[in-house]
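Working notes, beginning with the structure itself.
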Amino acid sequence: MQIPLNEFEQIVDEAILKRGVNYYKRGSVIDLSENASGEYEAIVAGREHYTVRLTIENEIINEHQCDCPYYFGSVCKHVVATIFYLQKHYLQLTEVPQQITIKKKTASTAQQIKALLKDIPHQELIAFTEEQCKNDKKFANYFLATFGYLSKNQSKEVYQKQIHYILRTAAGKYDWIDWSEMKHVVNTLMPFLENANRSLKNRNYENVFFITTALLEEVTDAFQFADDSSGDLGYFIESAMALLSELSKQELSEILRKQVFDYCIWSFNTKKFEGWDWHLGILDLAGDLVEKENEADVILGCLDTVSGEYEMEQAQSLKLGLLRRFKSENEVEKYVGQHISNASIRTNEIEKAFKSNDFYRVIQLSEDGIKCDRKDKPGLVKDWYNWLLKAAQAQRHTQKIIEYARLLFIDNFYPQQDYYQILKDHIDAENWDAFLEEIITETSAIKRWGYLDLIRQIYIKEEWWERLFVMLKLNPSMEKIEQNEEYLAKDYAPELIGLYSERILDYVAGSVGRSHYRTACKYLRRMMKLGGNQEVNTLIEFFRKQYPQRKALIDELNQI
């Protein structure tokens, strides 16, 4: 959020603004320095000392950060206190408390290092680096990963050895890389990706091949001895595959093209990546490199060995792509007919038919898909109904449009179109309310998952606020009250305040801990925005008397 220095008092939440001003007035901004032009860092005293960082350009605060645990908005009281000081300072007023000391142009750590690097003699810097590499394995790994691209001895084996050493060093004596070590692994492996990207840009395609294949093999092995709950290793695999894909689209020398192609076939046949998505993905890359029919036959032979339902469907789609490029039209049509139950192949055929306005075939394939997938793949069934709807729309078949849009409106978690609006556009106005009542009755009787949200959306779109409020009263959780506030606040503010009050009382009675107290205070603030200041004060007074031993609760209440 950008904040103009001269207008921030009109932008920030009033309660936060008041607390920030109080912090400023009592001198809680105890230190402020300008580390670079327009970049400020302040220490603000609260329960602890918090660091606030601001970036200002043309009297606009473009960035603001504070390391305090405030989660209810983008601006906390510590940021406000710092901004208030800066506002006064920029306007050259005399209200700055004596406790604040401003240090202009204090050199940051990065600036000090930059200055020293200019002055340190070259030989001393070399000696220092050698000593650090000798004594610190992690530093040595990072150094090699960062500057290895300058070496003339580039090869897959060299990169693989470096990556292997980095991963095994991180694993340590217990042969396991836990989550605390993953940050080091990421930082040390990242230069390899940077090197590969640099090589791709400079058309050093052979080096891209060396790095990406080394990463693929070593990082795949690392999944067996690393905690990848954060997905860091997966990121390197995805990045390596993406770079290989980019490489396959370049104008490679015949020697390198054949080398990359042979690697893809070798890694598949040796099951180097078996069990992972990139096991088949590597054949997809090989497909991009194919120039001759005999090479396509090699890939087709590999694809015929694939087993497993999910993998076979992928393999069939890859095979169809190769058949289209290198085999006869009769072979392609025969293969499509044999594997039309494959959702990707069916979708591809439907798309082709739709583009050519062959709506009869679109309908035929979609209806067959519904029969084929109704039992085991209900998600796909929705896709086939969506194609039936598109065909009906293209043919302006009103009855079918209503039929399919109604079905998809009632039972579709991921809508592809606005089915509600489609229905409204095709049903006569005098029949519209009765049509909606029929849907509400039907879904209420079936009680399919998500039916209440469907009914709620109808109430909102039709602005049936009384019925929406009655629905809320049946399940008035704090989250649901908040969810419906924007629709009901105008007509039902007192009632919402009452519902909030009841829920907050129950919540505080059954919940202990600062995070829970902050949640309760969040909803107390929502009550205030609805005009419930008196009710909030009553609740606060009750909590003070009822739970005097809950110091964290009292502390949070004091900040409202």
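Coordinate-derived values only; no laboratory data. Remember, predicted model here, so these are calculated numbers, not experimental data. A quick note on method: Cβ atoms are made from the backbone with ideal geometry, for glycine too, and the neighbour counts reach across all protein chains shown.
Taking 7 Å steps out from each Cα toward its Cβ at Lys355 and Ser230 produces label points 4.3 nm apart. Computed about its Cα centre, the charge dipole of segment 254-300 is approximately 200 debye, with only Lys, Arg, Asp and Glu carrying charge at their Cβ. Exceeding 23 Å between C-alpha atoms, which entries from my cross-link table qualify? They are Lys77/Lys183; Lys156/Lys201; Lys161/Lys272. Over 23 Å apart, Cα to Cα: Lys77/Lys183. Positive end of the dipole of the chain (Cβ unit charges, origin at the Cα centre): among Val362, Leu452, Tyr263, the Cα lying farthest that way belongs to Leu452.
Remark: segment 160-174, residue by residue, has Karplus-estimated 3J(HN,Hα) of 5, 5, 5, 5, 4, 5, 4, 5, 6, 5, 5, 5, x, 6, 8 Hz, where x stands for each Gly or Pro and the curve is 6.51 cos²θ - 1.76 cosθ + 1.60 at θ = phi - 60°.
Which FRET efficiency, nearest 0.05, do Lys334 and Gln417 yield, Cβ-Cβ r, R0 41 Å?
Working: r = 35 Å, r/R0 = 0.85.
After rounding, the FRET efficiency stands at 0.75.
From most to least packed by mean Cβ count within 10 Å, the peptides 386-395, 122-131, 461-470 give 386-395, 461-470, 122-131.
If R₀ is 41 angstrom, what is the calculated FRET efficiency for the pair Gln364 and Ala489, using the beta carbon separation as r and rounding to 0.05?
Numbers: r = 51 Å, r/R0 = 1.25.
The computed FRET efficiency comes out at 0.20.
Extending 7 Å from Cα along the Cβ direction at Arg544 and again at Ser37 yields two label points whose distance is 5.2 nm. Highest mean first, the peptides 422-429, 111-118 sorted by other C-beta atoms within 10 Å per residue fall in the order 422-429, 111-118. Cα centroids of segment 403-419 and segment 189-231: 43 Å apart.
If you take every residue apart from Glu351 with its C-beta less than 15 Å away from the C-beta of Glu351, what net charge results, scoring Lys and Arg +1 and Asp and Glu -1? Once all neighbours under 15 Å are counted, the net charge is +3. Each residue of segment 387-397 was assigned a 3J(HN,Hα) from its phi angle through the Karplus expression (A = 6.51, B = -1.76, C = 1.60, θ = phi - 60°), giving 5, 4, 5, 4, 5, 5, 5, 4, 8, 6, 8 Hz with x at Gly and Pro. Calculated mean residue ellipticity, 222 nm, the chain: -22500 deg cm²/dmol, from DSSP H runs (n ≥ 4) at -39500 (n - 2.57) each, averaged per residue and rounded to 500. Taking volume of the Cα convex hull per residue in Å³ as calculated from this structure, the corresponding entry among (i) 260; (ii) 190; (iii) 163 is (i).
For segment 124-131, 3J(HN,Hα) computed residue by residue from phi via the Karplus equation (6.51, -1.76, 1.60; θ = phi - 60°) reads 5, 5, 5, 4, 5, 5, 4, 5 Hz, glycine and proline entered as x.
For the pair Ala445 and Tyr507, a Förster radius of 25 Å applied to the C-beta separation gives a FRET efficiency near 0.15, rounded to the nearest 0.05.
The slack between Arg374 and Asp178, meaning 0.36 nm per residue of separation minus the straight C-alpha distance, is 66.2 nm. Computed about its Cα centre, the charge dipole of segment 439-511 is approximately 280 debye, with only Lys, Arg, Asp and Glu carrying charge at their Cβ.
Could you give the size of the charge dipole of the chain about its Cα centre, using +1 on the Cβ of each K and R and -1 on the Cβ of each D and E, expressed in debye and rounded to the nearest 20?
Details: 69 positive and 85 negative charges, 286 e Å.
Result for the chain is approximately 1380 debye, rounded to the nearest 20.
Measuring against 31 Å, Cα to Cα, the residue pairs Lys18/Lys490; Lys352/Lys400; Lys382/Lys529; Lys292/Lys352; Lys377/Lys447; Lys114/Lys173 contain Lys382/Lys529; Lys114/Lys173 as the ones spanning a longer distance.
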